[in-house]
Every structure is written in C-alpha cells, then in structure tokens.
1. Scan region 53-71 residue by residue and report those that are closer than 16 Å to ASN2 by Cα and assigned to a helix (DSSP H, G or I).
2. Can you name the residue in region 140-154 that is touching a residue at least 40 places away in the same chain (Cβ under 8 Å) and of a type outside the set (D, E, K, R) and is also farthest from ILE186 (Cα to Cα) among such residues?
3. Here is a list: SER142, SER169, SER175. Which entry is among the small types (Gly, Ala, Ser) and loosely packed, with under 15 Cβ neighbours inside 10 Å?
4. Could you check how many residues of region 225-273 are of a type in the set (Gly, Ala, Ser), surrounded by fewer than 12 Cβ atoms within 10 Å (Cβ to Cβ) and more than 21 Å from ILE204 (Cα to Cα)?
5. Looking at the structure I just gave you, is GLN143 of a type in the set (S, T, N, Q) and not assigned by TED's automatic domain parsing to the domain that holds THR11?
6. Of the residues that sit in region 194-253 and are among the aromatic types (Phe, Trp, Tyr) and more than 17 Å from the chain's Cα centre (by Cα), which one is modelled with the lowest pLDDT?
Amino acid sequence: MNGSYIQVDETPIRYLDPGNGKCAQGYLWVAGQPGGDVIFDWHITRAATCLQKLVPLDFNGTLQCDGYSAYDRFASRREGHGQALILAGCWAHARRGFFEAKESAPKEAGWILLQIGHLYQIEAALRKQRAGAALRDAYRSSQSRPIIGRIRKALERWQKARRFLPQSSMGKAVSYALGQWESLEIYLQDAQIEIDNNLVENAIRPTALGKKNWLFFGDAEAGERSAIIYSIIESCRRNGVEPYTYLCDVLSRLPSMTNWQIKEITPKAWAKARKQPTQKAA
C-alpha cells in the first residue's frame with residue numbers, strides 16, 4: 001500500500017449464520033500490487049465502506065478494478081476529502097461480456113474479441129522483452145492506441161444505431177465497455193498500469209477451490225481468520241516462498257518476538273533474509 005498503484009477485486013463466500021441456522025453471503029476483498037504482496041480482507045457486505053477499511057486513507061494513486069459501482073462511490077468520497085484516486089479499468093472484464101455474446105452476435109462480438117486479442121498480444125510481447133516504462137509507453141502509444149480507437153468507434157456506432165437490444169448479451173457488453181471507457185484507457189496513459197487486474201484475480205483462485213471443498217466458512221469470525229491465512233499464503237507464493245517451511249519457522253519464533261519485529265518475518269522479508277546467506281556463501 002506504500003506505492004501508487006494497487007489492484008482490487010472481491011469474491012463472494014458463504015458463511016454460517018448460527019442464529020438463523022443457515023448460510024449468509026459474505027465477501028473476501030483482495031488488494032495486491034503487481035510483483036508485491038496481497039491482502040485479503042473479510043466483510044459480510046459488498047458495500048463501498050468495505051474499501052475504506054481495505055485502502056488506507058493516505059493512499060493516493062491508481063486503483064485498478066472492474067466496473068462494480070462501489071468503486072466509483074469510493075473514489076467520489078475520496079475526492080470529496082481532497083484525496084486523489086484514479087480508477088483504472090480492466091480489459092479482461094470488458095472482454096468477458098463480448099465472449100458471452102458470441103452466440104447471439106458472432107460477427108460483431110468476434111470482431112471485438114479479435115481486436116482485444118491484438119491488445120493482449122502487444123502486452124505479451126512487452127512482458128517477453130521485460131520492457132521498461134519507456135518501451136511500454138512507446139508500444140502502447142503507437143500500436144495499442146489505434147486499436148482501442150477502432151473499438152470505440154465501432155461500439156459508439158452500434159449504440160447510436162441501436163443495433164442491439166439493451167438487455168441482450170451484446171447490448172449489455174457494448175453498454176458496459178462504453179460506460180467504462182475512460183477507465184479502460186488509463187493504462188495507455190501510465191506505463192506501470194497493467195491492461196487488466198488478472199494478477200489479483202489469480203490470487204483469488206485458491207478461494208474458489210476452497211469453496212468447492214469446504215462450501216462455507218464456519219461463521220463470520222472464521223472469515224476474518226481465513227482472510228489472514230490467505231494473505232500470508234498468497235504473499236508467500238508471490239515471493240517464491242514455500243508456505244509450509246515458512247509457517248514452521250515463523251510460528252516457532254513468534255512466541256519470543258515483539259510487535260516491532262513482525263516486519264522482519266513478513267514473507268517478503270523472510271525470503272530476502274534467506275537469500276542473503278546463500279549470496280554471501282557464493
């Protein structure tokens with residue numbers, strides 16, 4: 001959270017509500033920075049107020065997310081307090097609507113998917129070259145921007161001509177993309193921004209596997225404990241740390257440590273400390 005760019009997403013998970021004898025719906029909110037750690041935060045709602053607890057008050061920068069309205073409300077409240085917050089869109093979410101519309105509008109949806117595919121090919125080439133900010137900016141300006149311009153013209157033409165019913169799958173896809181258009185172009189303006197927030201979505205995937213196995217959290221408090229464990233395990237994975245080895249070492253040392261020493265055993269710090277003896281020996 002010390003940087004100027006984070007990706008955020010949320011996923012629904014049921015939890016047992018003992019008082020009612022049935023399951024209620026809760027959410028794991030996830031924030032991560034590409035190449036950095038991941039934070040899971042548990043809430044029993046999907047309201048914009050959840051973001052206020054997840055994103056620090058002193059965070060000023062770009063937040064990449066999907067088109068869920070809570071993010072817009074959250075950004076508006078920040079602006080009201082004089083804090084700068086830019087919402088960057090996710091092309092993967094925009095693409096999803098056209099993919100679902102392939103059967104009803106194969107020609108038009110297929111063309112949009114092809115154009116978005118070109119955008120992703122450009123990003124794949126940049127990753128392969130391990131491109132820096134200057135090269136990413138040059139490629140996106142010369143290659144990606146014209147493609148995005150073609151996509152926008154087509155979408156606006158179809159919407160103006162009312163080519164698709166508003167409630168049809170293609171109509172919804174067009175409306176969603178144009179409604180998010182300003183945020184979808186943010187990655188063209190800032191080389192550090194990714195084309196989508198798939199990295200943070202990948203962090204959520206283990207929870208999807210979990211839902212198939214254990215179906216729901218035992219209660220609301222169990223959701224909070226699970227969020228802590230998910231944060232540690234996923235941060236281990238991102239830092240190339242084997243979670244079991246890490247937990248065995250850290251849990252054996254914690255009883256003799258103070259709060260001031262906790263920063264020394266985060267997955268990132270732990271991995272760095274392990275590498276230093278190896279480098280010295282070499």
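The values are calculated or read from the model by the stated rules, or taken from the named source; none is laboratory data. As the structure is a prediction and not an experimental result, all values here were calculated from the model. We place every Cβ from the backbone using ideal geometry, glycine too, and count neighbours over all the protein chains shown.
1. LYS53, LEU54
2. ALA154
3. The unique qualifying residue is SER142.
4. Count: 3.
5. Yes, satisfied.
6. Step by step, filter region 194-253, then rank; the result is TRP214.
For every residue, the table says whether it meets (1) touching a strand residue (DSSP E or B) at 6+ places or on another chain (Cβ under 8 Å); (2) assigned by TED's automatic domain parsing to the domain that holds TRP42; (3) not polar (S, T, N, Q).
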residue	(1), (2), (3)
ILE228	yes, yes, yes
ARG238	yes, no, yes
LEU251	no, no, yes
PRO255	no, no, yes
ALA271	no, no, yes
LYS275	no, no, yes
